[in-house]
Amino acid sequence: MSESIDFSRPPEGSLFDPVASPRGLRLALVFGNESPTGRCPFYNVQCIHCDLGAGEGVSFTPEMNRGRLAFIKEHFKNVLPEICHLVIYNYGSTLNDSELSKETRHRILEFAASLASVKRISFDSREQFVTAERVNDMIAALRPDQSMSITLGFESQSEEVRIGHLKKSITREEVDAVFVALSGHNGRTAVEMNVLFQPPGITGNEAIIEAVATIEYGIQMMKKHGVLVDFNFHPYYPSIKGTKFFPDHPRAMMEHAIRSLFMIIRMIKQQSPESRIFVGWNDEGHDLQPTVKKMKQLLYSPAFAAFNVSQNEDDLQI
Ligand code: SF4
C-alpha cells in the first residue's frame, strides 16, 4: 500500500525558527505554491540565481495550505505570542491569485490579525501582482495597529546586473508602480527591498559600491512616494542555477559585505533613520557549499544576529 505524503509540514529547509530582527521577533512561514505546476511561473524563465521557485514538487490546493496553517499554529504555539513580524513566502508571488488564492491569503491575514504581538506582516511578491485593489483588500483584513509590507526581490539597482545577469525583468517603472499601489495608507504599508550582495558578475569593490547604490535607490523611492522602505541584505551563495550560469562567480566575501554595511548604515542614519536592515542567511537548503556556509556562519552569525537587533555598526566589528 502506498503511503500518502503529508504536505502540512514544510520541508526541512523551509521550516524556520524565529529570529530576532529590527522589527522584533520575526518568523518566516512558507506555504505551498498553488499554481498548476506548483512552481513560480518565472522559474526557469527568469531569475537565474533562484532555486526556490521550484516549490515543493506539487501543486498545492487551498485545502493543503489550510493544513499547512494548522501545522504552523500547532508547531509554533509556544512562540507565537511573542512574534512581532511575520514573513510569508510561497516559492513565488504571494499576491498572485494563481499562486496563492485569495482564500488562502485571507486565511493567513486572519491568522496574523489574531496574534496580538504581530505588528508587521510581509508578503513576498513580484511587482506586477502588487495592485492597489489587492493592497486595499489585504490591509482591510488587518488590525489598525498592524502594517503590511511587500518583500520585493529587487536585488540590484543596476539594470545590467538585475536584468542582464540575473535575468530578472523588473523595470524601474514597475518598482514605481509598486510604491504607488502601496501609497495612501498612513504609514501602514512598506516595502522590504531585497538586496543581493555581490550578485553574479561583480565582485570586490564594485560589489560594495553596488549594494550601497541599491540602498540609495530604495531611499529615493521612499522619499518620492512616502512609503517606508526596509532592506533585506542577502550575501550571495552559489545555488544550482546560479552556478550553472555563473560557474566561476564566488560566494560573497563577508569582509566586503561588512564594509558595504558600514557605508549603508551611515547613509541610512543620515537619510532615512526610520528604515531598518536585516541581514539574512536563509537559503532553504539550496546553498551548494553547506560546509563553507556553516564555517562562515560560525564566524559571522553572532555579529549579524546582534546587528539585526541593534542596527549598530559596532556589532559588526569582527
Ligand atoms: S526569484 Fe522569485 S520570481 Fe524569480 S524564480 Fe525565484 S521565486 Fe520566482
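Values in this text are rule-based calculations from the coordinates and carry no lab data. The model shown is predicted, which means the values in this text are computed figures rather than measured ones. Methodologically, a virtual Cβ is constructed for each residue, glycine included, from the backbone with ideal geometry; neighbour enumeration extends over all protein chains shown.
Kindly evaluate Ser93 against the criterion of being crowded, with 23+ Cβ neighbours inside 10 Å and among the hydroxyl-bearing types (Ser, Thr, Tyr). Step through it out loud before you land on a result.
Details: crowded, with 23+ Cβ neighbours inside 10 Å: yes; among the hydroxyl-bearing types (Ser, Thr, Tyr): yes.
Against the criterion (crowded, with 23+ Cβ neighbours inside 10 Å and among the hydroxyl-bearing types (Ser, Thr, Tyr)), Ser93 qualifies.
Quick check: anything in segment 69-90 of a type in the set (Ser, Thr, Tyr) and closer than 23 Å to Asn232 by Cα? Talk me through it step by step, then tell me what you get.
Here is the first cut: in segment 69-90, the residues of a type in the set (Ser, Thr, Tyr) are 89.
Narrowing the set further to residues that are closer than 23 Å to Asn232 by Cα leaves 89.
Scanning segment 69-90, I find at least one residue that is of a type in the set (Ser, Thr, Tyr) and closer than 23 Å to Asn232 by Cα, so the answer is yes.
Give the number of residues within segment 11-69 that are part of a loop (DSSP other than H, G, I, E, B), more than 10 Å from the ligand (Cβ to nearest atom) and among the acidic types (Asp, Glu).
Within segment 11-69, the first condition is being part of a loop (DSSP other than H, G, I, E, B), and the residues that meet it are 11, 15-18, 20-25, 31-42, 44-45, 47-51, 55-61.
From what is left, the residues that are more than 10 Å from the ligand (Cβ to nearest atom) are 11, 15-18, 20-25, 31-32, 34-38, 56-61.
If we keep only those that are among the acidic types (Asp, Glu) as well, we get 17, 34, 56.
Number satisfying all stated conditions: 3.
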*Only one residue in Met221, Met193 is in contact with a Gly (Cβ under 7 Å, 6 or more places away or on another chain) and either of a type outside the set (Gly, Ala, Ser) or in contact (Cβ under 8 Å) with a residue 12 or more places away in the chain (or both), so which one is that?*
Met193
*For segment 77-96, how many residues are touching a residue at least 24 places away in the same chain (Cβ under 8 Å), out of contact with any strand residue (DSSP E or B) (no Cβ under 6 Å at 6 or more places or on another chain) and more than 12 Å from the ligand (Cβ to nearest atom)?*
5
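Ser169: surrounded by 22 or more Cβ atoms within 10 Å (Cβ to Cβ), farther than 21 Å from Thr104 by Cβ and within 15 Å of the ligand (Cβ to nearest atom), yes or no?
When the stated conditions are applied, Ser169 does not pass them.
What residue, of Glu74, Glu99, is closer than 25 Å to Val135 by Cα, outside any strand (DSSP E or B) and among the acidic types (Asp, Glu)?
Just one listed residue meets the conditions, Glu99.
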*Name every residue in segment 209-239 that is of a type in the set (A, V, I, L, M), under 19 Å from Met253 (Cα atoms) and surrounded by fewer than 23 Cβ atoms within 10 Å (Cβ to Cβ), in order of residue number.*
Ile209, Val212, Ala213
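Among the residues of segment 130-146, are any away from the ligand (no atom under 16 Å from the Cβ), among the hydrophobic types (A, V, I, L, M, F, W, C) and without any contact (Cβ under 8 Å) to a residue 24 or more places away in the chain?
yes
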*Among the residues of segment 147-161, which ones are away from the ligand (no atom under 14 Å from the Cβ) and either out of contact with any helix residue (DSSP H, G or I) (no Cβ under 9 Å at 6 or more places or on another chain) or basic (Lys, Arg) (or both)?*
Glu160
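Is it the case, given these coordinates, that Asn65 is surrounded by fewer than 16 Cβ atoms within 10 Å (Cβ to Cβ) and either closer than 20 Å to Phe111 by Cβ or within 16 Å of the chain's Cα centre (by Cα) (or both)? Steps first, answer last, please.
Values: surrounded by fewer than 16 Cβ atoms within 10 Å (Cβ to Cβ): no; either closer than 20 Å to Phe111 by Cβ or within 16 Å of the chain's Cα centre (by Cα) (or both): yes.
When the stated conditions are applied, Asn65 does not pass them.
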*Evaluation of Leu100 against (1) crowded, with 18+ Cβ neighbours inside 10 Å; (2) touching an Asp or Glu at 6+ places or on another chain (Cβ under 9 Å); (3) closer than 29 Å to Ala252 by Cβ (one fails), failing number*: (3)
*Out of segment 112-138, which residues are surrounded by fewer than 18 Cβ atoms within 10 Å (Cβ to Cβ) and assigned to a helix (DSSP H, G or I)?*
Ala113, Gln128, Ala132, Glu133, Asn136, Asp137
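Which residues, taken from segment 97-111, are in contact with a strand residue (DSSP E or B) (Cβ under 9 Å, 6 or more places away or on another chain) and within 16 Å of the ligand (Cβ to nearest atom)? Break it down into steps so the answer makes sense when it comes.
Taking segment 97-111 and keeping what is in contact with a strand residue (DSSP E or B) (Cβ under 9 Å, 6 or more places away or on another chain), we get 100, 105, 108-109, 111.
Result: Leu100, single match.
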